[in-house]
Amino acid sequence: MSKYNITSSDDFAFHLYNSKVTLAISTYQAGRLFLIGSQDGRHLDVQSIRMRKPMGISVYNNRLAIACLNSIEIYASNDQIGRNIPFSFQKYDSFYVPRMNYVSGHLDLHDLHMHSKGIFGVNTQFNCISAFSIENHFTPIWRPSFIDAIVPEDRCHLNGMAVLNDLPVYVSALSSGNEAGDWRKDITSTGVIINVKTNEILAEGLSMPHSPRIIDDDLFFIESAHGTITRYNRKAKSFKTFASTGAFSRGMDNVNNLLAVGRSKARESSKTFKKISKEIREKPCGIDFFDLNSGKKIAWLNFGSVVDEIFDIKFIHGRKIAMYGMKGTDTFEPITTPETNFWRKIPGDIIPK
């Protein structure tokens with residue numbers, strides 16, 4: 001843990017332990033997926049897995065999918081393989097092992113959703129929501145009405161989607177422009193939330209909206225450049241500020257009455273981020289927990305080094321979750337079959353030099 005100088009409020013570990021969950025955090029800037037849990041409610045267990053630009057995370061049954069640089073990495077959990085891991089004394093509730101690496105191409109995939117029939121995600125480079133199959137790199141299934149062609153121009157920076165019953169219902173974008181790079185012009189005041197079914201703009205003039213989510217049948221979304229979380233009552237059709245991180249924020253998930261929101265320290269080298277107020281962009285990178293009933297901030301975690309930006313966060317059920325990344329190790333690899341599971345010592349002559 002000291003490598004990342006992680007600090008947290010005393011009750012951050014307690015909330016993870018009490019909810020029996022592990023938090024998965026993607027940071028494309030640092031090229032890692034973090035798994036953070038607690039087995040005793042007092043101490044944090046942290047694992048870091050190297051990945052190429054991890055972005056959107058999706059959890060479905062015992063499967064995990066992560067949008068990466070030019071692919072979607074898919075893992076499956078196994079209850080047994082983590083109980084006899086040869087290079088660790090620790091035992092795991094669930095251990096994720098690599099299953100498939102789907103080559104999508106450089107689509108700048110953001111939010112991702114895996115379900116019983118496949119995967120779809122926000123294809124930011126091509127301004128659409130795409131499904132994925134073995135036949136093609138991607139299949140467009142929806143695009144905003146103001147986008148007139150499926151071309152790799154990132155016109156509106158479509159970045160997030162709220163999903164209900166395995167269907168996208170709302171999306172977030174940083175503008176409603178139809179020319180390459182339109183979203184960069186007035187980035188802090190042109191964001192939109194769009195109703196996917198009707199293609200109507202639900203909200204506009206937003207300050208970098210991200211991470212729309214359906215929670216308790218209402219729509220929650222973040223205005224990243226303000227650090228505010230908005231709750232849209234879908235029945236009353238009314239908007240209300242739910243809470244604030246006071247920081248540049250992306251990534252949101254909930255378990256029971258616990259809402260987790262990611263916050264980032266915006267890049268000094270980015271011309272885009274410099275349009276955000278200094279007070280917002282210089283807050284430390286980390287995670288805030290809010291009470292879903294009151295909107296009150298109840299716990300926090302900060303990364304002190306290495307990690308500056310977070311894109312997505314997801315709760316995974318299980319207090320102690322681990323993963324064997326696609327890149328593997330130099331010594332062992334997990335092998336699973338319907339009948340048995342074991343760790344195989346890799347012969348030295350097959351390891352690339």
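Overview of results
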quantity: Filtered residues of region 36-58 (kept if within 21 Å of residue 254 (Cα to Cα) and either surrounded by 21 or more Cβ atoms within 10 Å (Cβ to Cβ) or among the aromatic types (Phe, Trp, Tyr) (or both)); calculated: 36, 37, 38, 54, 55, 56, 57, 58
quantity: Any hit, region 326-345, residues being of a type in the set (Asp, Glu), touching a strand residue (DSSP E or B) at 6+ places or on another chain (Cβ under 7 Å), at pLDDT below 95 and closer than 23 Å to residue 63 by Cβ; calculated: yes
quantity: Filter result for residue 298 (surrounded by fewer than 20 Cβ atoms within 10 Å (Cβ to Cβ) and modelled with pLDDT of 95 or more); calculated: yes
quantity: Some residue of region 208-221 being modelled with pLDDT of 95 or more, within 27 Å of residue 316 (Cα to Cα) and hydroxyl-bearing (Ser, Thr, Tyr); calculated: yes
quantity: Tally, over region 185-222, of residues that are crowded, with 16+ Cβ neighbours inside 10 Å and at positive phi; calculated: 2
quantity: Failed condition for residue 7, given (1) modelled with pLDDT of 95 or more; (2) crowded, with 20+ Cβ neighbours inside 10 Å; calculated: (2)
quantity: Positions within region 225-243 being without any contact (Cβ under 8 Å) to a residue 40 or more places away in the chain and closer than 18 Å to residue 189 by Cβ, in sequence order; calculated: 228, 230, 239, 241
quantity: The lone exception for residue 151 - which of (1) surrounded by 14 or more Cβ atoms within 10 Å (Cβ to Cβ); (2) touching a residue at least 24 places away in the same chain (Cβ under 8 Å) it fails; calculated: (1)
quantity: Residue 31 being touching a Phe, Trp or Tyr at 6+ places or on another chain (Cβ under 7 Å) and among the small types (Gly, Ala, Ser); calculated: no
quantity: Matching option when the condition is of a type outside the set (S, T, N, Q), closer than 15 Å to residue 290 by Cβ and modelled with pLDDT of 95 or more, among 197, 240; calculated: 240
quantity: Residue within region 270-288 that is modelled with pLDDT of 95 or more, among the hydrophobic types (A, V, I, L, M, F, W, C) and closer than 29 Å to residue 10 by Cβ present; calculated: yes
quantity: Qualifying residue in region 172-184 (condition: aliphatic (A, V, I, L, M), buried (at least 23 other Cβ atoms within 10 Å of the Cβ) and not in a loop (DSSP other than H, G, I, E, B)); calculated: yes
quantity: Qualifying residues in region 65-98 (those that are crowded, with 22+ Cβ neighbours inside 10 Å and touching a helix residue (DSSP H, G or I) at 6+ places or on another chain (Cβ under 6 Å)) - the one modelled with the lowest pLDDT; calculated: 92
quantity: Output for region 2-56, where each listed residue is under 19 Å from residue 256 (Cα atoms) and part of a strand (DSSP E or B); calculated: 21, 22, 23, 24, 25, 36, 37
quantity: Strands (runs of 3 or more DSSP E) (entirely within region 92-144) containing at least 2 residues that are in contact with a Phe, Trp or Tyr (Cβ under 7 Å, 6 or more places away or on another chain) and not β-branched (Val, Ile, Thr); calculated: 94-103, 109-115, 118-123, 128-131
quantity: Options 327, 283, 314: the member that is in a loop (DSSP other than H, G, I, E, B), out of contact with any helix residue (DSSP H, G or I) (no Cβ under 6 Å at 6 or more places or on another chain) and either under 25 Å from residue 88 (Cβ atoms) or hydrophobic (A, V, I, L, M, F, W, C) (or both); calculated: 327
quantity: Region 227-259: number of residues that are within 24 Å of residue 12 (Cα to Cα) and outside any strand (DSSP E or B); calculated: 6
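The values are calculated or read from the model by the stated rules, or taken from the named source; none is laboratory data. Quick caveat: nothing in here was measured; it's all calculated off a predicted structure. Heads up, the Cβs are rebuilt from the backbone with ideal geometry, glycines too, and the neighbour counts pull from every protein chain shown.
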